[in-house]
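Accompanying notes for the structure given below.
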Amino acid sequence: MGRTLQNTMINLGLQNACDEAIYQVSTAGVAHCSPLCLAACFLDSMATLGLAAYGYGIRYEYGIFNQKIRDGWQVEEADDWLRHGNPWEKARPEYMLPVHFYGRVEHAATGAKWVDTQVVLALPYDTPVPGYMNNTVNTMRLWSARAPNDFNLRDFNVGDYIQAVLDRNLAENISRVLYPNDNFFEGKELRLKQEYFVVAATLQDIIRRFKASKFGSTDSVRIVFDSFPDQVAIQLNDTHPAMAIPELMRIFVDIEKLPWNKAWDITKRTFAYTNHTVLPEALERWPVDLVEKLLPRHLQIIYEINQRHLDHIASLFPNDVDRLRRMSLIEEGGTKRINMAHLCIVGSHAVNGVAKIHSEIVKTQVFKDFAALEPEKFQNKTNGITPRRWLLLCNPGLAELIAEKIGEDYVRDLSQLTKLREFVDDDLFIREVAKVKQENKVKFALYLEKEYKVKINPSSMFDVHVKRIHEYKRQLMNCLHIVTMYNRIRRDPAKLFVPRTVIIGGKAAPGYHMAKMIIKLINAVAQVVNNDPVVGSKLKVIFLENYRVSLAEKVIPATDLSEQISTAGTEASGTGNMKFMLNGALTIGTMDGANVEMAEEAGEENLFIFGMRVEDVAELDRKGYNAQEYYDRLPELKQAIDQIKSGFFSLKEPDLFKDVVNMLFHHDRFKVFADYEAYVKCQEKVSELYLNSKAWTKMVIRNMAAAGKFSSDRTIKEYARDIWHVEPSDLKIPPPNEPRDVAEDKTPNGTAA
């Protein structure tokens, strides 16, 4: 989780007291690291809403790599985040559980038995998740892999005791390191082991808790599982935990001896699946032979699920073999693969996307056959962010200013931000909002000058593009705009130019060549721009090294312009867009992901929306995207590309960026050139408005007033009501030091909470 101290102080209402104490002992550098963004927001909201919810995952020894920029290139370093210990976690060895791998399946009259397996132990570590000012503390439980003490020593033939002990590492490697690929599937055995490891440990834990709640004991008494889905809801965060579906079936059928149909009914009613991406290369498709080796019983169960699923489809659509092929969990052709998204859809009672437009695409394109069959299964749950971390914690000046105007309740009910609309013409408020932004910018400018030795003009527009580096997010289009601005300044140095500091940051997956070239290109352009005396302080470009949550907390409050420029139809939702909106930045963006709903909430005229819509992209695909025609038609685009191609930004290696240019012309799936002209024109409108500080700030206030929808509290209330069938509670439970009878008098209608 990382960086938990400040968040915990805020949620417990202790920040002022702690600030005072820390000031008195004058300690510096307390609280660092980074959480798992969306998951962290959701855990915070679930605790704040009083839901009895657990977050389960793996306790990775090494998290996402630390990024170093050397000579403009990304270099990865291991993130040994546990080196100094983690004071927030508590190991719970009493709840350690076995997880099985490999082996074979024996079939007997009593049913299937999975035997001769290798065992790895799952050791849980618990981290508290406090709700906001409600005395509720939930648990995040992360599993660490441990070798059993007899590991490699049970085999009578192994005489090498030393080697056997050293080989314990093989088992414990399961929780060693997080795979850094984003939006890309790499079918590695260790990754599948990780996915099954977290699933198997978690389901055992859930069933143990379910049995204890029914019997006050976890002895393997025969249990009636009929009420299981009424007491347990499991949300699958993308397809990574999809093996939970066959695993729960294995437990019910093989171990608890339930009949298949009953087990399947309970399983379906327990699971719900959230889809997070529509990029085909990101979809998990595990080779059948790998699953057969690692999890032989699960493969059999998946085959059985598929057989019954296809029998059902065939009964509804006789002789439609193509439909059967499209909807099968098993993809034939070449190596046989299991389509994990199909498994999740078939094994869940609800499927959701994470923004309206994304859920529409999921329904009408990606999984259209499934949606035609069960339209009621498909829902939308637009993502959100926690205002505790993403306003109170990172932007106390703005949070306080808002509280002065509309009271403090908005922190638990962000929809109250609409009250700010009354102050959109209040000259004093406009000045105060602008002042807070300016103070945040000055602070961040000092940080940048210290870290990057570049002189920053704090009155320049801070134009910020921070997110993982990926072709679909189109950092390249931003780069082309930077080169275009640079050329305009050089062409006419005397002409009025609205000064900008362009800040780009994010990590590239270590094996993603193009993303790494994009980072190098941005740094190469920065090198030229920042050292050109003609440009001076009009334009500065900074690549933010090692972008992470603790850096986001610094840059977001200081941002004027938020870049959300993915090709329409590719970004599922995004949450950075929401963080910027809440912190008083304006958005330049395409009609993609949650940008669409941000424009809906604030009014499209209060965002800088440009470029192709989903329909336009589809139309362009239909007629064929030809990058060359844009290059031929747009002189400024041609100039920028020619400079990159000729080595203007890489004098020592003129053809350094030939791969990038070649991609842009010949296989750019994300159509950078097609949106370039509209993007540059839109950026001119941005600069024009920035000259009028008052009009700019009024637009900022309209955006902040419309940001209420994007609280993760709203998201979680929707999951709770529409999918999990539990009611959120805003009751503050009594603190442990308060006698219970006193507490009971405080609850409404005299009923105890």
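The values are calculated or read from the model by the stated rules, or taken from the named source; none is laboratory data. Since the structure is predicted, the reported quantities are computational estimates derived from the model, not experimental observations. Reconstructed Cβ throughout: ideal geometry from the backbone, glycine too, with neighbour counts over all protein chains shown. The area values use the complete protein model at the heavy-atom level, side chains included, leaving out ligands, DNA and RNA. Shrake-Rupley method; radii C 1.70, N 1.55, O 1.52, S 1.80 Å.
Of all residues in region 300-314, none that is more than 13 Å from W260 (Cβ to Cβ) has its Cβ atom under 6 Å from the Cβ atom of a residue that is modelled with pLDDT under 95 and part of a helix (DSSP H, G or I), 6 or more apart or on another chain. The helices (runs of 4 or more DSSP H) falling completely within region 443-560 that include 3 or more residues that are at pLDDT 95 or above and open to solvent by 50 Å² or more (accessible area, probe 1.4 Å) map to 475-491. Condition check for Y196 on (1) in a loop (DSSP other than H, G, I, E, B); (2) open to solvent by less than 40 Å² (accessible area, probe 1.4 Å): one failure, at (1). Y161 falls short of the stated requirement of being open to solvent by 30 Å² or more (accessible area, probe 1.4 Å), modelled with pLDDT of 95 or more and more than 29 Å from the chain's Cα centre (by Cα).
Selection of first residues in region 338-352 that are open to solvent by less than 10 Å² (accessible area, probe 1.4 Å) and of second residues that are of a type in the set (G, A, S), restricted to Cβ pairs under 6 Å at least 6 apart or on distinct chains, gives the following pairs, ordered by first then second residue: M340/A242; L343/A242; C344/A242; S348/A272; A350/A272.
A search for C-beta distances below 6 Å between a residue of region 528-553 that is closer than 16 Å to C479 by Cα and any residue that is open to solvent by 40 Å² or more (accessible area, probe 1.4 Å) and in a helix (DSSP H, G or I), counting only pairs 6+ apart in sequence or on different chains, returns I542/Y452. Within region 33-40, is even one residue among the small types (G, A, S), within 17 Å of the chain's Cα centre (by Cα), in a loop (DSSP other than H, G, I, E, B) and over 30 Å from R412 (Cα atoms)? No, that holds for no residue.
Going by the structure shown, is E600 free of Cβ contacts under 8 Å to residues at least 12 places away in the same chain, surrounded by fewer than 24 Cβ atoms within 10 Å (Cβ to Cβ) and under 23 Å from H276 (Cβ atoms)? Give the steps one after another, and end with the answer.
Working: free of Cβ contacts under 8 Å to residues at least 12 places away in the same chain: yes; surrounded by fewer than 24 Cβ atoms within 10 Å (Cβ to Cβ): yes; under 23 Å from H276 (Cβ atoms): yes.
Against the criterion (free of Cβ contacts under 8 Å to residues at least 12 places away in the same chain, surrounded by fewer than 24 Cβ atoms within 10 Å (Cβ to Cβ) and under 23 Å from H276 (Cβ atoms)), E600 qualifies.
Could you grab me the full set of residues in region 289-312 that are of a type in the set (A, V, I, L, M) and touching a Ser or Thr at 6+ places or on another chain (Cβ under 9 Å)?
Of everything in region 289-312, just one residue is of a type in the set (A, V, I, L, M) and touching a Ser or Thr at 6+ places or on another chain (Cβ under 9 Å), namely L310.
Residue count for region 416-426 satisfying the condition of being in a helix (DSSP H, G or I) and in contact (Cβ under 8 Å) with a residue 24 or more places away in the chain: 7.
Selection of region 160-186 for residues being acidic (D, E) and touching a strand residue (DSSP E or B) at 6+ places or on another chain (Cβ under 8 Å) yields only E172.
Could you please let me know if P87 is exposed (fewer than 12 other Cβ atoms within 10 Å of the Cβ) and under 30 Å from E738 (Cα atoms)?
Numbers: exposed (fewer than 12 other Cβ atoms within 10 Å of the Cβ): yes; under 30 Å from E738 (Cα atoms): yes.
It is true that P87 is exposed (fewer than 12 other Cβ atoms within 10 Å of the Cβ) and under 30 Å from E738 (Cα atoms).
With respect to the conditions (1) in contact (Cβ under 8 Å) with a residue 60 or more places away in the chain; (2) open to solvent by 20 Å² or more (accessible area, probe 1.4 Å), T127 falls short on a single one, namely (2). With respect to the conditions (1) modelled with pLDDT of 95 or more; (2) open to solvent by 40 Å² or more (accessible area, probe 1.4 Å), K437 lacks only one, and its number is (2).
Here E186 fulfils each of the conditions (1) part of a loop (DSSP other than H, G, I, E, B); (2) touching a Leu at 6+ places or on another chain (Cβ under 9 Å); (3) open to solvent by 40 Å² or more (accessible area, probe 1.4 Å) apart from (2). With a requirement of 3 or more residues that are under 25 Å from N487 (Cβ atoms) and either at pLDDT below 95 or under 30 Å from the mean Cα position of the chain (by Cα) (or both), the helices (runs of 4 or more DSSP H) lying completely within region 584-691 that satisfy it span 658-666, 672-690.
Residues in region 646-674 that are under 15 Å from G72 (Cα atoms) and open to solvent by 70 Å² or more (accessible area, probe 1.4 Å): L651, K652, E653. If only residues of region 446-460 that are in contact (Cβ under 8 Å) with a residue 60 or more places away in the chain and among the aliphatic types (A, V, I, L, M) are counted, the one that is farthest from P396 (Cα to Cα) is V454.
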